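Undergrad: First the structure, which I've put down as structure tokens, then a few questions once you've had a look.
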There are 2 protein chains.
Amino acid sequence: MNLENTQVQMRKGILEYCILHIISRGEVYASDMIDELTSAKIMVVEGTLYPLLTRLKNAGLVEYKWVESKSGPPRKYYTLTGEGRDFLSNLETTWDELIRSTREITGKQKNSTKRKPKTTKAVTEKNKNL
Amino acid sequence: MNLENTQVQMRKGILEYCILHIISRGEVYASDMIDELTSAKIMVVEGTLYPLLTRLKNAGLVEYKWVESKSGPPRKYYTLTGEGRDFLSNLETTWDELIRSTREITGKQKNSTKRKPKTTKAVTEKNKNL
DNA sequence: GAAAAGTACTATGTATGGCCAAGTACTAAG
DNA sequence: CTTAGTACTTGGCCATACATAGTACTTTTC
């Protein structure tokens, strides 16, 4: 449970959202995506991105076409499918709600003495041991 | 790769952040946390929360004391350790940066024709097949 | 007082995604 | 031909969220 690990966990799923959004803005291939993510300070390595793209493809959210490159092997240029567009739209909502929920939690200040009154379960015991 | 699954992935790590924040605001036990998370529309079940609390405890980020209850078995009331406070502070930064990075990606609009000029790698090939 | 219901915590197994690391394949430069 | 650069592929590892079942204590009900 170190910070680095939690940071990794935190962006699970978010990467998928970001990638779909990048693809939604025009044809791109993997290196384009890595560049854009890196410039936004989201570090991604190939071993993460390529499997993700494969999953998106298998799920029918994206499709690609091969384009030959002047410098190196051919590239897969990705585009969103209609299904992918719907999915992205849903992810947008999910992400916004998640941010709102988190802010609702982390925006609250210390409640040292006064707690929100509980109607059902009264926590009144003062009998503490150990 | 359905929406529900991605939603689950999206909140990995965020739960940890929320829990630490809730604990930082005063002594609470598991049911308190579930109540607060639920009211913020973050659904959590026992099978998720208890293992998480155990991890936090083992990592030295939180500690607890047993408090007898009038209605049922004794409860574990959690508090943050100094280390936990530091960790929470770091998580706050991480989360804020992640939100900013994501917004940087998802805030951009469609770039149908004009792409940000690439200095190093010019993607100019028009030679497309398949 | 025994049975049932409610509360709180524990334990096990599964699935998923991010990541490391090694490998394949193509092109251009020396 | 060898080396370097680029692009994509694959296999294995790990941590978290979750479902599910189980333990333990108290109060309620008959």
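Readers should treat all values here as calculations from the given coordinates under stated rules, not as data from a laboratory. Worth saying up front: this structure is predicted, and the values here are computed from it rather than measured. Cβ sites come from the backbone with ideal geometry, for glycine too, and all protein chains shown count toward neighbours.
Undergrad: Count, please, the residues in region B:70-89 that happen to be within 14 Å of DNA strand D (Cβ to nearest atom) and surrounded by fewer than 16 Cβ atoms within 10 Å (Cβ to Cβ).
TA: Here the count works out to 4.
Undergrad: Filter region B:51-64 down to the residues that are under 15 Å from B:Asp32 (Cα atoms) and away from DNA strand D (no atom under 13 Å from the Cβ) and list them by number.
TA: The answer is B:Tyr64, and nothing else.
Undergrad: Cβ-Cβ below 8 Å, separation at least six or inter-chain, first residue in region B:13-32 and polar (S, T, N, Q), second part of a helix (DSSP H, G or I): which pairs?
TA: B:Ser24/B:Gly84; B:Ser24/B:Arg85; B:Ser24/B:Leu88
Undergrad: So, one more: Here's a check for you: in region B:1-12, which residue that is farther than 23 Å from A:Asn5 by Cβ and not in a helix (DSSP H, G or I) is nearest to DNA strand C (Cβ to nearest atom)?
TA: B:Met1
Undergrad: Can you pull out every residue in region B:37-58 that is in a helix (DSSP H, G or I) and charged (D, E, K, R)?
TA: Passing the criteria: B:Glu46, B:Arg55, B:Lys57.
Undergrad: Can you say whether B:Leu37 is at the interface with chain A (Cβ under 10 Å from one of its Cβ atoms) and either in contact with a Cys (Cβ under 9 Å, 6 or more places away or on another chain) or acidic (Asp, Glu) (or both), as far as the supplied structure shows?
TA: Details: at the interface with chain A (Cβ under 10 Å from one of its Cβ atoms): yes; either in contact with a Cys (Cβ under 9 Å, 6 or more places away or on another chain) or acidic (Asp, Glu) (or both): yes.
Yes, satisfied.
Undergrad: Here's a check for you: in region A:37-50, which residue that is more than 15 Å from the chain's Cα centre (by Cα) and near DNA strand D (Cβ under 8 Å from one of its atoms) is surrounded by the most Cβ atoms within 10 Å (Cβ to Cβ)?
TA: Result: A:Tyr50.
Undergrad: Given the criteria closer than 26 Å to A:Thr94 by Cβ and more than 8 Å from DNA strand C (Cβ to nearest atom), does B:Val62 qualify?
TA: Working: closer than 26 Å to A:Thr94 by Cβ: no; more than 8 Å from DNA strand C (Cβ to nearest atom): yes.
The answer is no for B:Val62.
Undergrad: Between A:Leu98, A:Leu49, A:Leu53, A:Leu88, which is within 16 Å of DNA strand C (Cβ to nearest atom), touching a helix residue (DSSP H, G or I) at 6+ places or on another chain (Cβ under 8 Å) and free of Cβ contacts under 8 Å to residues at least 12 places away in the same chain?
TA: After applying the criteria, what remains is A:Leu98.
Undergrad: I'd like to check something: does region A:55-68 contain any residue that is within 22 Å of B:Gly13 (Cβ to Cβ) and not polar (S, T, N, Q)?
TA: Yes, that holds for at least one residue.
Undergrad: Of the residues B:Arg11, B:Arg75, B:Arg55, B:Arg25, which is of a type in the set (D, E, K, R) and closer than 30 Å to A:Gly84 by Cβ?
TA: So the residue among B:Arg11, B:Arg75, B:Arg55, B:Arg25 that is of a type in the set (D, E, K, R) and closer than 30 Å to A:Gly84 by Cβ is B:Arg11.
Undergrad: Restricting attention to region A:13-36, does a residue exist that is assigned to a helix (DSSP H, G or I), touching an Asp or Glu at 6+ places or on another chain (Cβ under 6 Å) and within 16 Å of DNA strand D (Cβ to nearest atom)? Walk me through it before giving the result.
TA: Applying the first criterion (assigned to a helix (DSSP H, G or I)) to region A:13-36 yields A:14-24, A:30-36.
Imposing the further condition that a residue be touching an Asp or Glu at 6+ places or on another chain (Cβ under 6 Å) reduces the set to A:22.
Filter once more, keeping what is within 16 Å of DNA strand D (Cβ to nearest atom): A:22.
Looking for residues that are assigned to a helix (DSSP H, G or I), touching an Asp or Glu at 6+ places or on another chain (Cβ under 6 Å) and within 16 Å of DNA strand D (Cβ to nearest atom), one finds at least one in region A:13-36, hence yes.
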